[in-house]
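The values are calculated or read from the model by the stated rules, or taken from the named source; none is laboratory data. All figures in this text were calculated on a predicted structure; none of them were measured in a lab. Cβ sites come from the backbone with ideal geometry, for glycine too, and all protein chains shown count toward neighbours. Note: accessible area is taken over every heavy atom of the protein model, side chains too, but ligands, DNA and RNA are not part of it. Shrake-Rupley method; radii C 1.70, N 1.55, O 1.52, S 1.80 Å.
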Amino acid sequence: MRENPAAKPLPETDLKRDPKSDAGSNPEAAPKPAASRFPTAGDLLAMLGIALAAQILIGIVGQLLAAGFGIDFQTAAPNIQGRMMAVLYFISMSVALGGVLYYRHVRGGRGRWARFSLRGLNPTLLLWCFILIFAVGIVLEPLLRVLPELQLEIGRGFWTLLSLVVFAPIFEELLCRGVVLGSLRDRYGVTAAWLVSALFFGLLHVQPVQVINATAVGLILGYVYLATESMWSVMILHALNNAAAYLLMILVVTPESGHQSALLINLINSPGLYWCIYAVAVGLCAVSGWMMLRTLRRMKESGKNPARA
């Protein structure tokens, strides 16, 4: 009688597979190496260091080249200062963004790092957040008044406006909301990404006055990005804020008065009127902050923008 091949027991090697061999044949079954757990706190510091180093090095090289042509940046005409700042800023932030993206790739960061969606544009949300940025600035004024005077020479004219309204919103949003917030959201979730990316944005501005103000503005920009999933939204809001700040600067700030002359408390002669406006600003910030936290909590609970790591 012939044997039925199907009745033969399978070899022992087929019954007992080596888990290591399965991991080798199925990459998804293998645990991720520790190096792929991007971003860590060290990664955030490294990316911040890359961005700051690029600005410092390009700034030094630019000033040395200008000195070679007999141009002193400190005493140059405002339009010359604006042109030099625009060129140096564009080069330095291009290097910074490229360096951070390369670092992200080396450290195992994968996936989409910036989201663009015209459907995410919400004019009502942008208007509300634009007003909220001014309210936050008013609330912070008592703190900003005791900090060292802002040292900022950015010139005047078309090139300065180009830097503030076009270059800064593009590069800073791609870096802070795109790479940093997006990477943090993938691993830690929306709330941590919202808070830490805002702090990263603030530290990128170095000077104490700008660090405090930019961190607060970064919370608003981060919320808008999370709510709309659109880089266009935060770029537009960032550009509007910078345009308003530039307009206020050219109308109020002089070398003698300094940047603190642009604070509302120094523009309004009536203390009573100022504190009424301040109370309204505090109320707006409190209500808006509560709404933001509630929305972020809903995002987390509903599974939108979850931490995937």
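Total residues in segment 86-125 satisfying the condition of being part of a loop (DSSP other than H, G, I, E, B) and either at negative phi or open to solvent by 30 Å² or more (accessible area, probe 1.4 Å) (or both): the figure is 12. The single condition from (1) at pLDDT 50 or above; (2) loosely packed, with under 10 Cβ neighbours inside 10 Å; (3) over 30 Å from GLN207 (Cβ atoms) that LYS8 fails is (1). Take GLY202 and tell me if it is of a type outside the set (S, T, N, Q) and touching a Ser or Thr at 6+ places or on another chain (Cβ under 6 Å). Yes. Screening MET292 on (1) in a helix (DSSP H, G or I); (2) under 26 Å from LEU150 (Cα atoms) shows it passes everything except condition (2). ARG83 falls short on exactly one of the conditions (1) outside any helix (DSSP H, G or I); (2) surrounded by 12 or more Cβ atoms within 10 Å (Cβ to Cβ); (3) more than 16 Å from the chain's Cα centre (by Cα), and that condition is (1). In segment 151-187, the residue that is surrounded by the fewest Cβ atoms within 10 Å (Cβ to Cβ) out of those that are modelled with pLDDT under 90 and closer than 18 Å to ARG107 by Cα is ARG187. Out of everything in segment 194-214 that is without any contact (Cβ under 8 Å) to a residue 60 or more places away in the chain and more than 14 Å from LEU48 (Cα to Cα), what residue ends up being surrounded by the most Cβ atoms within 10 Å (Cβ to Cβ)? Here the residue is ALA214. Residue count for segment 215-228, restricted to those that are open to solvent by 40 Å² or more (accessible area, probe 1.4 Å) and either in contact with a Gly (Cβ under 7 Å, 6 or more places away or on another chain) or closer than 20 Å to LEU164 by Cβ (or both): 0.
Here GLY49 passes the criteria (1) under 23 Å from GLY157 (Cβ atoms); (2) under 28 Å from the mean Cα position of the chain (by Cα) except the one numbered (1). For segment 40-75, filtered to residues that are in contact (Cβ under 8 Å) with a residue 60 or more places away in the chain and in a loop (DSSP other than H, G, I, E, B), the residue that is surrounded by the most Cβ atoms within 10 Å (Cβ to Cβ) is PHE73. Of all residues in segment 255-288, which are modelled with pLDDT under 95, open to solvent by less than 50 Å² (accessible area, probe 1.4 Å) and not hydroxyl-bearing (Ser, Thr, Tyr)? Of everything in segment 255-288, those that are modelled with pLDDT under 95, open to solvent by less than 50 Å² (accessible area, probe 1.4 Å) and not hydroxyl-bearing (Ser, Thr, Tyr) turn out to be GLY258, HIS259, GLN260, ALA262, LEU263, LEU264, ILE265, ILE268, GLY272. Screening ASN305 against (1) modelled with pLDDT under 90; (2) at negative phi; (3) buried (at least 18 other Cβ atoms within 10 Å of the Cβ) leaves a single unmet condition, (2).
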